[in-house]
Amino acid sequence: RAGRRPQGVLCVAGTDEAFAAAVGRAEFVEATRGLSGTVWAWPPASGLLPADLYLRHVLLAATSLGGAAETDFLDNTLLADRATTVRAYLATAMGQEALRAGEREWQRLPEDERRLRVRFGG
């Protein structure tokens, strides 16, 4: 639907064995068919976007490096569609909202997690 952000899972901690046990062996085989040896586990048409807080963190990291590293990240890192660069995504209203949402999520972290604020440059 137009205007709706697609939902998806970017990554989880776990093992293939735990996933297979949770969903069943047949479902596991179907879900992982053809994905061996690739980081591109989602099809290009999945609509999957970077998690807001994750996007904030990697953008801060790239920005802190500056120069060629920042430019390379923005212009050569592609979304799951394998066509849209991070720079192009950030130029959209949806990309800007993702950054705002990431910042809001960051601000909601408990104060006892200040060590993360230093680690992630925020």
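The values are calculated or read from the model by the stated rules, or taken from the named source; none is laboratory data. Remember, it's a predicted structure, so these values are computed and weren't measured experimentally. A quick note on method: Cβ atoms are made from the backbone with ideal geometry, for glycine too, and the neighbour counts reach across all protein chains shown.
Scanning the range 1-40 for residues that are modelled with pLDDT of 65 or more and among the aliphatic types (A, V, I, L, M) yields ALA18, ALA20, ALA21, ALA22, VAL23, ALA26, VAL29, ALA31.
When we screen ASP81, ASP75 for residues that are part of a helix (DSSP H, G or I) and either within 19 Å of ALA45 (Cα to Cα) or acidic (Asp, Glu) (or both), the only hit is ASP75. Of the residues making up the range 43-82, those that are within 27 Å of THR32 (Cβ to Cβ) and either surrounded by 12 or more Cβ atoms within 10 Å (Cβ to Cβ) or at pLDDT 90 or above (or both) number 18.
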